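Input: a single structure, listed below in structure tokens.
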Amino acid sequence: MAQLQRPPFVYMNGKLTGWDDATVHIASEALIRGISVFEGIKGYWSHDEQTLSLLALRAHYERLVNSARLMHLPFALPYEEFEHACALLVRKLCVPEKDLWIRPTVYAREGHWGEGTVSDLAITCYHQEKRLPGRIKIGVSTWQRPLDTGLPARIKSAANYQIGRLARIEGRAQGFDDMVLLNPWGRIAEGTGSAVLIVRDGCVISPPSYEGCLESITVCIIGRLCETLEIPFERRPVDRTELQVADEIALAGTLMELGIVSQVEQREMPARAPIFERIRDEYWACVRREREHASIVLTAV
Ligand code: PMP
């Protein structure tokens, strides 16, 4: 698991730094007020081409820039330098036949209530096995995504994951792998680290970001894959009870890819999820460079 790995290098202060030297001060705003924003980027190993490619790197960069702006964290690094920083670390840590998970974080190293903020970009990178996501059991959490005027889900801030963490603790005690968070109107917002998608009458449906979810890059990709596969795709609010009548349910995200749900609360889902299995297989083939699709943008490093 990523959190148990201690890779020898991270990227920090504009250069490669040893794992043990990658520290922030106890009094930094990153720590005392949780002021940081981040991205999770997937690096895919292609066996045929013997290369590692980063998926949707520019889209992740743009969301990181938006998150930093919304948090008033100075972050003026041009895209090319961001790509260079990621590539520097990836080349150092990449090994054949393993995927990578890259986590760039912009954090407040200095500052006080938004005055005199000095930020830095830190990047950590972890190995991952190349394998299709397994089927998952999900519950519905009593914890909620707050309103946009509370803790905006659009900002991929570390603070947003407090709620996800509480939900996962709640879910583990009930035997679930992950939890769905509702919004203040009692409708589906998202998973703790992924978007929620359902299939009803042949149509793939996912809530739009105004329902209290992150602007997911994976859901955008899935929407465009659906177009080519001629599967209807819709963004609209999703009621909690629709989880009980959906034909298929999946969680989607950079790390999760497309995880098909086998159980939701007490409901066992059908053994097969033909529409999500089709999309998942197409996604998998494209990220491994076995097939091409305009929505799957890979940056070889
Ligand atoms: N919601 C949350 C809370 C997440 O952490 C993630 C993963 N980044 C997602 C949704 C899915 O976003 P993406 O597809 O861009 O990874």
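To keep it simple, each residue is scored yes or no on (1) over 18 Å from Leu64 (Cα atoms); (2) near the ligand (Cβ under 8 Å from one of its atoms).
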| position | (1), (2) |
| --- | --- |
| Gly191 | yes, yes |
| Val204 | yes, no |
| Pro208 | yes, no |
| Val219 | no, yes |
| Arg224 | yes, no |
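Being touching a Ser or Thr at 6+ places or on another chain (Cβ under 6 Å) and either surrounded by fewer than 20 Cβ atoms within 10 Å (Cβ to Cβ) or of a type outside the set (A, V, I, L, M) (or both) narrows it down to one of Ala271, Ala158, so name that one.
Ala158
Find the residue count for region 11-66, including only residues that are over 21 Å from Pro78 (Cα atoms), touching a helix residue (DSSP H, G or I) at 6+ places or on another chain (Cβ under 7 Å) and of a type in the set (S, T, N, Q).
0
What are the residues in region 106-139 that are closer than 20 Å to Gly253 by Cα and crowded, with 20+ Cβ neighbours inside 10 Å, if any?
Ile123, Thr124, Cys125, Ile136, Ile138, Gly139
Any residue in region 137-148 that is touching a Cys at 6+ places or on another chain (Cβ under 9 Å), modelled with pLDDT of 95 or more and among the basic types (Lys, Arg)?
yes
If the requirement is being hydrophobic (A, V, I, L, M, F, W, C), more than 10 Å from the ligand (Cβ to nearest atom), exposed (fewer than 15 other Cβ atoms within 10 Å of the Cβ) and free of Cβ contacts under 8 Å to residues at least 40 places away in the same chain, which of these qualifies: Ala173, Ala167?
None of the other options fit; the residue is Ala173.
Would you please list the contacts, defined by Cβ atoms under 8 Å and residues six or more apart or on different chains, that run from a residue in region 103-118 that is on the phi < 0 side of the Ramachandran plot to a residue that is assigned to a strand (DSSP E or B) and of a type in the set (Asp, Glu)?
Note: pairs meeting the criteria are Val106/Asp120; Tyr107/Asp120; Arg109/Asp120; Thr117/Glu110; Val118/Glu110.
Return yes when Ile136 is touching a Leu at 6+ places or on another chain (Cβ under 8 Å) and more than 14 Å from the ligand (Cβ to nearest atom) and no when it is not.
So Ile136 passes the test.
Condition check: without any contact (Cβ under 8 Å) to a residue 40 or more places away in the chain and closer than 15 Å to Leu197 by Cβ. Does Met256 satisfy that?
In short, no.
Per-residue answers, yes or no, for (1) surrounded by 20 or more Cβ atoms within 10 Å (Cβ to Cβ); (2) part of a helix (DSSP H, G or I); (3) on the phi < 0 side of the Ramachandran plot:
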position: Thr17; (1), (2), (3): no, no, yes
position: Val24; (1), (2), (3): no, no, yes
position: Leu64; (1), (2), (3): yes, yes, yes
position: His84; (1), (2), (3): no, yes, yes
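Which one is farthest from Ala285 (Cα to Cα) among residues in region 86-108 that are away from the ligand (no atom under 16 Å from the Cβ) and part of a strand (DSSP E or B)?
Looking at residues that are away from the ligand (no atom under 16 Å from the Cβ) and part of a strand (DSSP E or B), I get Ala108.
The values are calculated or read from the model by the stated rules, or taken from the named source; none is laboratory data. The structure displayed is predicted, hence computed values, not measured ones. Positions of Cβ are backbone-derived with ideal geometry, glycine not excepted, and every protein chain shown enters the neighbour counts.
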